[in-house]
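**Q** Attaching a single structure in structure tokens format; questions to follow.
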Amino acid sequence: MTLAKPRIGLVGSQGAYGRWLRRFFEERMGLCVLGRDPCGDTALSERALLEAVDVLIFCAPIRQTPAVIRHYVEQAAGIEREQLWLDITSIKAAPVAAMLASQAEVVGLHPMSAAPKAATLRGRAMVVCEARLHTWRAWLAHFLAASEADCVRAEADQHDRVMALVQGMVHATHMAQGAVLRELAPAVGDFDGIRPFSSVGYELDMAVTRRILASNPAIYQDIQFENPYVAPMLERLAAQLDMLRDLVRSGDDAARDELREKLLVQSRAYVGEQAVAEGSYAFERLGYLLADLHEPRYISVFLPLDRPGSLRTLLSVFEQRGINLDSIHSSRSADGELLFRIGVARDTPAVALREAMSAIEHEGIGRVVEAAGMSEAS
């Protein structure tokens, strides 16, 4: 075993997070990575993988993870006693308990996002559940620092209780919204017909709903079924919705007062005035962002040179042509490229926009990935 340059083993290496972890360890940390996917790459047997690595990371599907870990415990039969075992499952108690049956050091991890397009987890939370950690503590700290994640420490059971709210409740409400839309939207113009009427709240909710529908259904299924604290949460959620339905059916002043008191006033008092104000401001900011992203005239540019002054050089192209910018936002493409989406004033002449795009390309400043609203403004 070498703590300086450990060999990394991935179980579930063909999944999205398995692929991201492989790139992260190889490219950012310069480590050797070996992988074995129960549904894909089986070049190494379980025993051969165990004999070849120092750190073993389980990133299999949620439902399968405890059983996969138990199988590796049987295969290891003691050769893992100097290893570090990690998992990155959305449920923590069952995988951590399964890993503790081994003789390895054990930490459960939960990155609180899908596999990123970026090289690190900067700006994203990662829950860290230390279960048995001694020799590998310094290396784990180095790995977490390199990930740039915002790490929060928790016990495995505490994690699962929190996830019943953070994931289970949020996913449940949006899955239910998707089903209600499917049933009722056809009578009012279908999904596309509703969109012109959208409020900021509806747009944000639908963004989450569409994200869930676009992702792997097994993940959202397992988060509901594999976390033992989700079912009791759903009972509470259903009770609150039943109460709301009954109050609306009643429709009298007493029902209105009860709705206001139980679902608004009491909850506001629990959350607290400062948190309420911060949340309201965050909502306003997201509203302005959505407005910017809906602007019809914009240019999306990739800057290949990541160095100080690159953005200033790009913006000078617009300044030189008298083009007024309404907004500028950064994002990442499906391939992980950092893009700048630049919204321009609606009265900008199309010829000036085309000249700016040509200059960006011909002067080697960047690559225009997308553009819209190039016709003459009315």
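**Q** Please specify each residue of segment 303-332 satisfying the condition of being under 29 Å from Val200 (Cα atoms), surrounded by fewer than 16 Cβ atoms within 10 Å (Cβ to Cβ) and in contact with a Ser or Thr (Cβ under 9 Å, 6 or more places away or on another chain).
**A** Selection gives Asn324, Ser331.
**Q** Of the conditions (1) under 20 Å from the mean Cα position of the chain (by Cα); (2) assigned to a loop (DSSP other than H, G, I, E, B), Arg81 satisfies every one except a single condition; which number is it?
**A** (1)
**Q** Could you list all residues from segment 348-372 that are within 32 Å of the chain's Cα centre (by Cα), more than 19 Å from Leu290 (Cα to Cα) and either small (Gly, Ala, Ser) or loosely packed, with under 14 Cβ neighbours inside 10 Å (or both)?
**A** Gly366 - this is the single residue of segment 348-372 that is within 32 Å of the chain's Cα centre (by Cα), more than 19 Å from Leu290 (Cα to Cα) and either small (Gly, Ala, Ser) or loosely packed, with under 14 Cβ neighbours inside 10 Å (or both).
**Q** Hey, among Ala67, Ala93, which residue is surrounded by fewer than 23 Cβ atoms within 10 Å (Cβ to Cβ) and under 18 Å from Gln158 (Cβ atoms)?
**A** None of the other options fit; the residue is Ala93.
**Q** Would you check which residues across segment 11-34 are under 17 Å from Lys117 (Cβ atoms), crowded, with 16+ Cβ neighbours inside 10 Å and touching a helix residue (DSSP H, G or I) at 6+ places or on another chain (Cβ under 8 Å) and list them?
**A** Matches in segment 11-34: Phe24 only.
**Q** For segment 264-347, give me every one of the helices (runs of 4 or more DSSP H) that falls completely inside it and has 2 or more residues that are more than 27 Å from the chain's Cα centre (by Cα), assigned by TED's automatic domain parsing to the domain that holds Ala16 and modelled with pLDDT of 90 or more.
**A** Answer list for segment 264-347: none.
**Q** Also: Which residue is farthest from Gly108 (Cα to Cα), if the candidates are limited to segment 145-165 and must be charged (D, E, K, R) and more than 18 Å from the chain's Cα centre (by Cα)?
**A** Arg161
**Q** Within segment 181-222, which residues are outside any helix (DSSP H, G or I) and farther than 27 Å from Met163 by Cβ?
**A** Gly189, Ser198, Ser199
The values are calculated or read from the model by the stated rules, or taken from the named source; none is laboratory data. None of the values given here were measured: they were computed from a predicted structure. Positions of Cβ are backbone-derived with ideal geometry, glycine not excepted, and every protein chain shown enters the neighbour counts.
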